Amino acid sequence: FRKKKIDVDALIQRLIQGDIPSLSKAITLIESTNIAHKEQANLIVQACLPYANNSVRIGITGVPGVGKSTFIEAFGTYLTSIGKKVAVLAVDPSSSISKGSILGDKTRMEDLVKNKNAFIRPSASGESLGGVSRKTRESIILCEAAGFDIILIETVGVGQSETAVHSMTDFFLLLNLAGAGDELQGIKRGIMEMADAVIINKADGDNLKHAQNAKLDMNRALHLFPLKDSKWQPKVLLVSAFYNKGIEEVWQLLEAYFKLVKANNFFEENRNNQNAYWLKETINEQLLSNFYQNTEVNRYLQSAERAVQNNEKSPFTAANELLALYKEHHTFNKNE
Ligand code: GDP
């Protein structure tokens, strides 16, 4: 084991100088379930923190097929052409089931994958949302320390993962299609409400007219939401990711947003609030998993459940007994 021990300090130094293999290796440590790796990962993240603030973090969501990969390819390539360094990460807790529904298929990011100013990392598979989210959040910090100034975080627009991505990004971009109702697209009101911009993609060919109408409808819908804390009024843009149309306008919109929120301090406040949020999230998650993995709790949980179902005990009594048992027998396991 000693022989395999990696030199964490040297790794950190190389990472901060922008060495991609070191960045990849550090992210692998973050994703590892091995306790020694986790300790090393914590050291690395901590050392990277001071270098991690010169960036913008953009969340990108939309149902499968809307064109996220195609858009990220076009947008990422554009950003590198104006001198930016772009990292693409994913929050996709479903990937173990769907065998990599996002970022798994990199064929639509053919150019970006080869671009030396871009870094693409699919999400860790087979993980709970909490696990993937934490790893993605820590990976953001490492990418930023390695000099990536634009971080794109992709997620599939079907569930809880949007909220997680929203709480780790500065700007939230929703990709949509014209012609299908919101219900059909599975876009929930809550997700619309989080969006700082809605892109109507595939605004090309026969679809262009529909897209223009959809833009008007969407604009009207967005105006019905209360003004955001950022004081930013969400915008709707027409894009054809496939034909590379409207891409520059997306960046101009983002620049306008960042100008506003940096001037009115929302940018910094929001990031501070996000840090506080993730502190609590991490504690909640670790306490929960620690509780349910406790051997004593496990031994009595089923019988407690039966007792509650048979009305022999009240849920409150049973819960208190289990919590008391946990308190008596718990050992805090850093591996969780
Ligand atoms: P994702 O599942 O959201 O990542 O979607 P993909 O990027 O894989 O795109 C799904 C399909 O839509 C592919 O066949 C793309 O070529 C196509 N597509 C993506 N963007 C556009 C676009 O702007 N116009 C047209 N016509 N097709 C597009």
*In nm, give the distance between the simple-model label positions of R220 and K116, each being 7 Å from the Cα along the Cα-to-Cβ direction.*
5.2
*How big is the equivalent ellipsoid of region 1-50 along its three axes, where each semi-axis is √(5λ) from the Cα gyration tensor, reported in whole Å from largest to smallest?*
17, 12, 10
*Quick one: longest stretch of the chain between exposed loop chymotrypsin sites (Phe, Trp or Tyr not before Pro), exposed meaning at most 15 other C-beta atoms within 10 Å and loop per DSSP?*
2-242
_If I take R0 = 45 Å and measure r between the Cβ atoms of S81 and Q293 in this structure, what FRET efficiency does the formula 1/(1 + (r/R0)^6) give, to the nearest 0.05?_
0.40
_Förster radius 51 Å - calculated FRET efficiency between E39 and K245 (Cβ-Cβ, nearest 0.05)_ = 0.60
*Please identify the longest segment of the chain free of exposed trypsin sites (Lys or Arg not before Pro), where exposed means a DSSP state other than H, G, I, E or B and no more than 13 other Cβ atoms within 10 Å.*
117-230
*Would you mind calculating the gained length between N54 and E193 on full extension (0.36 nm times residue separation, minus the Cα-Cα distance), in nm to one decimal?*
47.3 nm
*asked:* Run the numbers for N270 and A324: contour at 0.36 nm per residue of separation, minus the present Cα-Cα distance, in nm.
replied: 15.7 nm
_At 222 nm, what value in deg cm²/dmol follows for the chain if DSSP H runs of at least 4 each add -39500 (n - 2.57) and the sum is divided by all its residues, to the nearest 500?_
-17000 deg cm²/dmol
*Just the projected area, averaged over all directions, of the convex hull on the alpha carbon atoms of the chain: how many nm²?*
20.5
*asked:* How much accessible area per residue does region 277-329 have, counting only protein heavy atoms and a probe of 1.4 Å, in square angstrom?
replied: 76
*Post the alpha-carbon centroid distance, region 61-83 to region 221-237, in whole angstrom.*
23
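The values are calculated or read from the model by the stated rules, or taken from the named source; none is laboratory data. Note that the coordinates shown come from a computational prediction; the quantities given were computed from them, not determined experimentally. Note that each Cβ is placed from the backbone with ideal geometry, even for glycine, and that neighbours are counted across all protein chains shown. Ligands, DNA and RNA are stripped out before the accessible areas are found, and what is left, the full protein with its side chains, is counted by its heavy atoms. Shrake-Rupley method; radii C 1.70, N 1.55, O 1.52, S 1.80 Å.
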